[in-house]
Each structure stands twice: as structure tokens, then as C-alpha cells.
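Below is one structure, written out as C-alpha cells, with a few remarks after it.
Here, each number is a calculation from the coordinates, and none is a lab measurement. Everything quoted here is computed from the prediction, not taken from an experiment. Positions of Cβ are backbone-derived with ideal geometry, glycine not excepted, and every protein chain shown enters the neighbour counts.
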Amino acid sequence: METATLGRTGLRVSVAGLGGGGFSRLGIEKYGEAHSASVVRAAYDGGVTFFDTAMAYGTEGAVGAGLRGVARDSYVISTKFTYADREGNILPEAALTECLENSLRRLGTDYVDIYHLHAVTAGDYARATETFAPALIKAREAGKIRFPGLTERFFAETSHAVLPTALRDDFFDVIMTGYNILNPSAAKTVLPLAIERNVGVLCMFAVRRALHDTKQLKTDLDRILAAGQADPELVRRDGMLEFLTDSGAAKSVMEAAYRFCRHTPGIHVTLTGTGSAEHLAENLAAINSPPLPEDILVRLEELFGGVDCVSGQ
């Protein structure tokens, strides 16, 4: 497994990270925690040293169980705090401390390496950071977290409304951004700032429904065209993405998608989520593969380089 330094954190991590969210949530809802823990351990045995979860996912316990007995300094844990209630009201500062303690208990560890404010919207950003930055600082000083992070709500704000502001504020050491073949806009609006600030970048949404469900792909292509963000002639010719495999560039669209993200400058960890150890091995092999050919990258840029209106969800 190839590794990268996660920006200014200095953490050396695998370029592939196991994500505990998404649709799969490590298979926990279908197969239970013991199965999900076995997927976590399979990831570790396969060279993964970066594990992402969240209180909202219900997979912290599985991550903790899967890594039980493993040397704590041999892996990195990223988890998240849901900063608002279901009605959208921002919680009090004390809620972060309480939730962090619960996360530590579920994970079976004394500290987490990265603790994110989870799915922050542009409208909530100022108040959320004002409320919770002091608690994050206190948690870091107490040794409960090592680095503060922030994740965007990509499926709702596909044009990255919050991350440029967060990066300019320069408080968060790590961010998580949505980025994929269909919407590579972060490469223009987020990643240059992250590189400038030496902020660690986690890539989510590398592969979502549109890349393995032709009906969803068609829906997203229609949205892109309705927004005037792509050339209709190019979309009619190449939009269903067969050229990725017909050209021999990749064995599957999913493989191409992971390689596209993993080799984008500024991205340190590409997350993959699954409830199957076999599927996990395929995804890790894809992330560990070489970059896509230059002519394919040019073609993708011509197709989707101007898109920021879909997530691929």
C-alpha cells in the first residue's frame, strides 16, 4: 500500500482509507457489527492505516472492535461530531465534549487523530466554528484529539460553498471534500487553497451510485446538461463513460474513478466504503494503481471539467 503525508499533520497514512459511512456503512445494518469489524481488520491487513467513521454512521464500535489488539500508533482514526440537531439547531459547546467521550468509548481508544465537525453547511459555518472551536482546542490540549477537521455536506452543496472559507480561516488541519469524475470542481476551488495551506485532504464520493447505476448516471447527465455545464455533443458521445473501459484504460468505471481521485494533486487519502472484504480488496487494488493515461484525463476534463452541480449520489 502506498502512503502519503497528511498535510501539516505530519501523519503518514495509506493513500486508501476505509470509510465507515456511505451506503454500505461497512455492512453493519445488514450483517451486524462482528462482520463489519472483520472488514475493518481485513482493511488493516491489506495495508490500510486510515479509518474514517462518525457518531452518525453507527460504525465507531465496529472500527474499534476491528482494530482491537492492534498497536495504536500503527493506524489513524478520523471520526466526526454532528454539530446540529434534526431540526437544524446548533448544539451547545458542551455537546462536543460529551459526544467525543462517547466516541472514544466506542472506538476503544484514549484519543482520536482527527475529529471533524461533520457535514457543515455554508450557512452554519460561522456559528458552528464560533461555538465549537474552543471545545476542539480544549480537547486537543487534553490529548483527546490530535487535529481538528471539517467535512462539507457535499450532496447538498456540490459547489463546495463552505471549504474555501474554512481553508482561508486556517483553523482546521484536515478537510474532507467531495470529488469524483462527474464533479471534479474541488480541483479548482478547494485543492489549490488546501495545497497552499498544507491542509490534509480526504476525498469522499469517489464512487457513488451514478458510477455503477446507469439510470442514476443518466439522471445526473440530464442535470449537468440542464445547468449548461457540459457540451451536449460530448455528453451524447462519451457521457455513459464506456470509453474508460473500451480504450483499455481501466478494467471498470469504478477502477477508473478511484484512480482519478487518488492521483489528483492535493488529495492525500481516497476513501472507499464496503461491507465485503472481497470488494474491499478490489477497491484497494484500484486506488493503489497508476494514474489514468493523459489522453483519458484530457477527455474527462473536456466532458466534466465545468461541472459542479451533481454529487454522483
Label selected from (1) 26.0, 88; (2) 19.0, 62; (3) 18.8, 57, the criterion being Rg and Dmax of the Cα atoms in Å as computed here: (3)
Where labels lie 7 Å past Cα in the beta-carbon direction, separation of residue 198 and residue 93 in nm: 2.9 nm
Net charge dipole size for segment 93-236 [Lys, Arg +1 and Asp, Glu -1 on Cβ; Debye, nearest 20]: 340 debye
Cα-projected label distance for residue 223 with residue 169, points at 7 Å along beta-carbon direction, nm: 2.6 nm
Leading residue at positive end of dipole, the chain (Cβ point charges), from 185, 253, 55: 55
Among 239, 273, 178, residue whose mean-square fluctuation peaks in a GNM of the chain (springs only between Cα atoms under 10 Å): 239
Structure-based [θ]222 nm, the chain - -39500 (n - 2.57) summed over DSSP H runs of at least 4, per residue, nearest 500: -12000 deg cm²/dmol
Size of charge dipole - the chain - debye, nearest 20, with Cβ of Lys, Arg +1 and Asp, Glu -1, no other charges: 500 debye
Residues 222, 246, sorted so that the one with the fewest Cβ neighbours within 10 Å comes first: 246, 222
Gaussian network model of the chain, springs between alpha carbon atoms under 10 Å - residue of 261, 99, 203 with greatest fluctuation: 99
Cα centroid separation - segment 224-277 against segment 142-175, whole Å: 25 Å
FRET efficiency, 1/(1 + (r/R0)^6) with R0 45 Å, evaluated for residue 3 and residue 240 via beta carbons: 0.80
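List every DSSP H helix in the chain whose Cα atoms extend 27 Å or more along the helix's own long axis and whose mean Kyte-Doolittle hydropathy is at least -1.0. Intermediate results must be reported in sequence, preceding the final value.
Details: long enough: 122-141 (28 Å, -0.31).
Both cut-offs are met by 122-141.
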Beta bridges per DSSP with both ends in the chain, % antiparallel, nearest 5: 10 percent
Gyration tensor verdict on segment 171-313 (Cα atoms; rounded if a/c is under 1.5, prolate if a/b is larger than b/c, oblate otherwise): oblate
Gain on full stretching of the segment that runs from residue 82 to residue 105 - 0.36 nm per residue minus C-alpha separation: 6.6 nm
Length-normalised contact order of the chain in % [C-alpha pairs under 8 Å, at least 6 apart]: 22 percent
Shape category assigned to segment 1-99 from the gyration tensor of Cα positions, a/c cut at 1.5: oblate
In nm, spacing of pseudo-spin labels at residue 34 and residue 302 (7 Å Cα→C-beta vector): 5.5 nm
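I need the shape label for segment 175-237. Rule: rounded when a/c is under 1.5, else prolate if a/b > b/c, else oblate, with a, b, c from the alpha carbon gyration tensor.
It comes out oblate by the Cα gyration axes.
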Whole-number percent relative contact order across segment 38-123, with pairs defined as alpha carbons under 8 Å at least 6 apart: 33 percent
Leading residue at positive end of dipole, the chain (Cβ point charges), from 79, 296, 227: 79
